[in-house]
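Below: one structure, written as structure tokens.
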Amino acid sequence: MYFPILKGKQNELIALRELSANISAQYIKPVIEPVRENISPLKRTIQQLAEHEIVPLVVINPSLGDYAGGEDLISSLLEGEEGAYLPCVKIKNPQDVAAISLFQSFDGRAAAYLESSVDRALVNIVNQSLYTLVNQTRVSSAAFAELRNKVVYSDCFKKEVKNSDYSEESLFSGMHAEYRRLDNVVGFGDFTILSEDYSESGGPAYVVAVHLSYINRDEYDAMHVRHFSSYDDRTPTNPGGKFMDALNKLVQYVHANPGKFTETTGLGEFFSLHGSRHYPGLGHVKKISIKHHIETTCSYIRER
């Protein structure tokens, strides 16, 4: 089972809504951390996912964006959507008393999202959860072994400070091919082609980069990301022209390497934009890359 972790920003939510009819609920459980005060887009997303029997995990005590306080401000706002989503409680560490108490109030009918270390007491508490999201590198091996119903997540995308810093290709992760070998692990998660680090918006784009995930069959099915970067004129002008330059490189490379990339609706959208010579904006471009990444990952799980 794949648990893509997304922030509740506009394009991430649109990506999930557009994918809802294309991916089976048996392969995916999105994790959504709300970051916007306007909860309506999140409600629409939950409702549309429910139409296809996909039940997302929603962080009810988010700590980012408009909800920086880390309190449960979401449950009351999602009144009426009970059953269509699974409450997920983010726990910073064993000293995060408020979050631990909030998790316990659900009597096991919630998921736990561990951000860092755990102690014995916290392990015993979260082992009542339906799912426990844990980064294997942030807890001891002994604690990891004791945790149940684990969803192993990590920040796999190597985000660069500037788009011009991206190499042609980078290793993403092999967890999609390896998680079944771990004890008490029921799924895996990542932040798609985004980073775990949260930012409201990017700076001016001197270079436009388009990210395209693929499974490298020659490297034991590890996932890689191919980066298609535009020319660099040392100015933030003409983002549309720079997008077309990056898109031309993407289309040429995909044509030159048949079968390398999974045929997804996301990839089809890139080809449609190339055919129409339309620039939809950088947020929309990111949304398409997210869709392709999620579809590629779910397609691999389905094959397995």
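Using the structure shown, decide if residue 93 is within 23 Å of residue 297 (Cα to Cα) and not acidic (Asp, Glu).
no
Step by step: first the residues of segment 1-55, then only those that are over 16 Å from residue 301 (Cα atoms) and of a type in the set (Gly, Ala, Ser), then the one that is surrounded by the most Cβ atoms within 10 Å (Cβ to Cβ). Which residue is that?
So, considering only residues that are over 16 Å from residue 301 (Cα atoms) and of a type in the set (Gly, Ala, Ser), the one surrounded by the most Cβ atoms within 10 Å (Cβ to Cβ) is 15.
Is it fair to say residue 80 is in a loop (DSSP other than H, G, I, E, B), without any contact (Cβ under 8 Å) to a residue 24 or more places away in the chain and surrounded by fewer than 21 Cβ atoms within 10 Å (Cβ to Cβ)?
Values: in a loop (DSSP other than H, G, I, E, B): yes; without any contact (Cβ under 8 Å) to a residue 24 or more places away in the chain: yes; surrounded by fewer than 21 Cβ atoms within 10 Å (Cβ to Cβ): yes.
Criteria met by residue 80.
Given the criteria assigned to a loop (DSSP other than H, G, I, E, B) and either at pLDDT 95 or above or not charged (D, E, K, R) (or both), does residue 62 qualify? Write out each step before concluding.
Numbers: assigned to a loop (DSSP other than H, G, I, E, B): yes; either at pLDDT 95 or above or not charged (D, E, K, R) (or both): yes.
When the stated conditions are applied, residue 62 passes them.
Which pairs have Cβ atoms under 6 Å, sit 6 or more apart or on different chains, and link a residue in segment 120-134 that is under 16 Å from residue 188 (Cα atoms) to one that is polar (S, T, N, Q)?
Short answer, once both residue conditions are applied: 131/149; 132/149.
Go through segment 227-285 and give me each residue that's of a type in the set (A, V, I, L, M, F, W, C) and either free of Cβ contacts under 8 Å to residues at least 12 places away in the same chain or assigned to a loop (DSSP other than H, G, I, E, B) (or both).
Pass one, segment 227-285, residues of a type in the set (A, V, I, L, M, F, W, C): 228, 243-244, 246-247, 250-251, 254, 256, 261, 267, 270-271, 273, 282, 285.
Across segment 227-285, the qualifying residues are 256, 261.
Could you list all residues from segment 112-128 that are surrounded by 23 or more Cβ atoms within 10 Å (Cβ to Cβ) and either under 24 Å from residue 174 (Cβ atoms) or over 18 Å from the mean Cα position of the chain (by Cα) (or both)? Outline the logic, then answer.
The initial filter retains those residues of segment 112-128 that are surrounded by 23 or more Cβ atoms within 10 Å (Cβ to Cβ), namely 112-114, 118, 126.
If the condition is that a residue be surrounded by 23 or more Cβ atoms within 10 Å (Cβ to Cβ) and either under 24 Å from residue 174 (Cβ atoms) or over 18 Å from the mean Cα position of the chain (by Cα) (or both), then 113, 114, 118, 126 are the ones that fit.
The values are calculated or read from the model by the stated rules, or taken from the named source; none is laboratory data. From a predicted model like this one, the values you see are computed outputs, not experimental measurements. Cβ sites come from the backbone with ideal geometry, for glycine too, and all protein chains shown count toward neighbours.
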